[in-house]
Amino acid sequence: MSYVEPSTEKKHEAYHTSAFHAAGEAIMLFAPVNAIHQHLCAFHYYADDRTRQIEAHHFCTHWSKDLHQCVIYDSAEPNARLIGIEYIVPRKIFETLDADEKRYWHSHKYEIESGLLVLQTKPLVPNAVNDVAEQPAMLELQDTYGKVIHTWAPDVHADLPLGPPNLMMSFTGPGQVDKTKVRERDEKLGLSTEAKRQLREGYLPRIPEPAEGCDVGEKTGRNVQFVAKEVEVKI
């Protein structure tokens, strides 16, 4: 049996206390996290299985004018699981990618125009304020493309991020997303996806269909799945 000094054990126990966390906030820097200024809520599905759909909360920064980078959680609660990341670029950047790279990317046109993707604000913010606040973001995101990797599949492994990462996609047309999930999201946030759709019809411009090369699973019935492969280690 190993022996642990009582003082060491107490120090270890302190690690999970609110006092320790408060001390950390006071003395540490969190510049990348503090740069987050946008919270978007949408739905993703596993690239190889559209029946597996996940509510995804994106907390985003603008790394540059042409690149959003987002950390993704499965909720907006304090105990939310960190399940993935998304990178977002405009059409002009997406069109420069090679065909192989484009397979990993999805369009946002339908998500925006249908009201599925919403700007999530604090509970006491009136919907009318949210409707105004979201407009610059929706105009910016309407003709963008996202690359999403989830590293945790909470629908299969609720307690640990097990297995290989998964490429995720977004919805591109009516009848694809689980209506129950949308209704539950709307009730939780106190908003209406249908009302968002109608509102956006009034201010979003008509844009071309998504660029060639994205949303490949919707067009071919085949998509990318990450499979672990053992290789020699370069030393």
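Here, each number is a calculation from the coordinates, and none is a lab measurement. On a predicted model such as this, the values are computed, not experimentally measured, just so you know. Note that each Cβ is placed from the backbone with ideal geometry, even for glycine, and that neighbours are counted across all protein chains shown.
From Ala80, Ala56, grab the single residue that is touching a strand residue (DSSP E or B) at 6+ places or on another chain (Cβ under 7 Å), of a type in the set (Gly, Ala, Ser), closer than 29 Å to Asn130 by Cα and in a loop (DSSP other than H, G, I, E, B).
Working: Ala56 fails: in a loop (DSSP other than H, G, I, E, B).
Only one candidate qualifies: Ala80.
Condition (residue is without any contact (Cβ under 8 Å) to a residue 40 or more places away in the chain and crowded, with 16+ Cβ neighbours inside 10 Å) applied to the stretch 175-186: is it met by at least one residue?
So far as the stretch 175-186 goes, yes, one or more of its residues are without any contact (Cβ under 8 Å) to a residue 40 or more places away in the chain and crowded, with 16+ Cβ neighbours inside 10 Å.
Go through (1) touching a residue at least 60 places away in the same chain (Cβ under 8 Å); (2) surrounded by 13 or more Cβ atoms within 10 Å (Cβ to Cβ); (3) of a type outside the set (Gly, Ala, Ser); (4) closer than 17 Å to Asp131 by Cα for Pro205 and report which single condition fails.
(2)
Matching residues to (1) surrounded by 19 or more Cβ atoms within 10 Å (Cβ to Cβ); (2) in contact with a Phe, Trp or Tyr (Cβ under 7 Å, 6 or more places away or on another chain); (3) in a strand (DSSP E or B):
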residue	(1), (2), (3)
Asp100	no, no, no
Ile112	yes, no, no
Ala137	no, no, no
Gly146	yes, yes, yes
His157	no, no, no
Leu162	no, no, no
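So in the stretch 42-53, with the set limited to residues that are part of a strand (DSSP E or B) and in contact (Cβ under 8 Å) with a residue 24 or more places away in the chain, which one is nearest to Lys219 (Cα to Cα)? If you could, list the steps in order and put the result at the bottom.
Of the residues in the stretch 42-53, the ones part of a strand (DSSP E or B) are 42-46, 49-53.
Those left that are additionally in contact (Cβ under 8 Å) with a residue 24 or more places away in the chain: 42-46, 50, 52-53.
Working: Ala42: 22, Phe43: 20, His44: 17, Tyr45: 16, Tyr46: 16, Arg50: 13, Arg52: 19, Gln53: 19 Å.
Out of the qualifying residues, it is Arg50.
Could you check, for the stretch 60-69, whether at least one of its residues is surrounded by fewer than 11 Cβ atoms within 10 Å (Cβ to Cβ) and touching a strand residue (DSSP E or B) at 6+ places or on another chain (Cβ under 8 Å)? Can you show your working first?
Let us first name the residues in the stretch 60-69 that are surrounded by fewer than 11 Cβ atoms within 10 Å (Cβ to Cβ), namely 64-65.
Okay, now just the ones that are also touching a strand residue (DSSP E or B) at 6+ places or on another chain (Cβ under 8 Å), so none.
Within the stretch 60-69, none of the residues are surrounded by fewer than 11 Cβ atoms within 10 Å (Cβ to Cβ) and touching a strand residue (DSSP E or B) at 6+ places or on another chain (Cβ under 8 Å).
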